[in-house]
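This report refers to the structure that appears directly beneath it.
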Amino acid sequence: MNQRLVRLPQVKAMVGLGRSSIYEKIKRGEFPKQIKLGRSSGWLEAEIQAGISEQFQARRPEPLGSLECHRASR
């Protein structure tokens with residue numbers, strides 16, 4: 001399996017968050033931890049993409065077929 005590491009500037013562009021927000025989310029367990037490579041670090045691109053997909057799925061509204069319409073009685 002070929003896994004690509006992305007650096008912080010790319011991660012920021014992918015998720016739309018700043019450096020401080022990313023590291024705060026890592027502390028809270030809401031964002032994947034970086035992989036240390038000597039004096040630098042990076043993230044697995046697949047983990048970042050999976051996190052984006054999870055956030056998208058969590059925010060999606062229910063399909064219209066599963067919603068019930070209720071009318072107020074007069």
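At a glance:
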{"quantity": "Qualifying residues in the range 1-40 (those that are assigned to a strand (DSSP E or B) and in contact (Cβ under 8 Å) with a residue 24 or more places away in the chain) - the one nearest to the chain's Cα centre (by Cα)", "calculated": "VAL6"}
{"quantity": "Residue match in the range 36-43 (condition: surrounded by 10 or more Cβ atoms within 10 Å (Cβ to Cβ) and at pLDDT 95 or above)", "calculated": "yes"}
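The values are calculated or read from the model by the stated rules, or taken from the named source; none is laboratory data. Predicted model only: the values in this text are computed from it and were never measured. Virtual Cβ from ideal backbone geometry, glycine too; neighbours counted across all protein chains shown.
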